[in-house]
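Accompanying notes for the structure given below.
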Amino acid sequence: MKKSVLTRYRVMAYVTAVMLLVLCTCMVFKYGFDTGEGVTLVVSQIHGVLYIVYLVFAFDLGAKAKWPLGKLVWVLLAGTIPTAAFFVERKISHELEGTFADAPSVPAKA
């Protein structure tokens, strides 16, 4: 597996998580203070598109890492729970460290 697969998953996990937090904030303003309906609509659509991209990259990573179905579903759902993607991304990154094809197996000599 190439490191770029993990990198693009990590980027989308952070982007999706931040956009979900922004969406939650917009929802508080929309329903709590009756303002920002237009902004909430735009942010929700942007988050939806970014979440689809996150699903594609997370599924690709899971397929290449040969995860069991339960783990794959948990990673895919992490983009729907505020702040969960931050924690899941960190755990996955630490777990997959050192399993890359382009990582040198022997340290370079000076």
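Computed from the coordinates by the stated procedures, all read-outs in this text should not be read as laboratory data. Model, not experiment: these values are computed from the prediction. No Cβ is skipped: glycine too gets one built from the backbone with ideal geometry, and neighbour counts run over all protein chains shown.
Observations, loosely collected:
- Residues of segment 3-60 classified as under 10 Å from the mean Cα position of the chain (by Cα) and of a type in the set (D, E, K, R), total: 2
- Considered as a group, the residues in segment 1-56 that are outside any loop (DSSP other than H, G, I, E, B) and among the charged types (D, E, K, R) include one that is surrounded by the fewest Cβ atoms within 10 Å (Cβ to Cβ), and that residue is GLU37.
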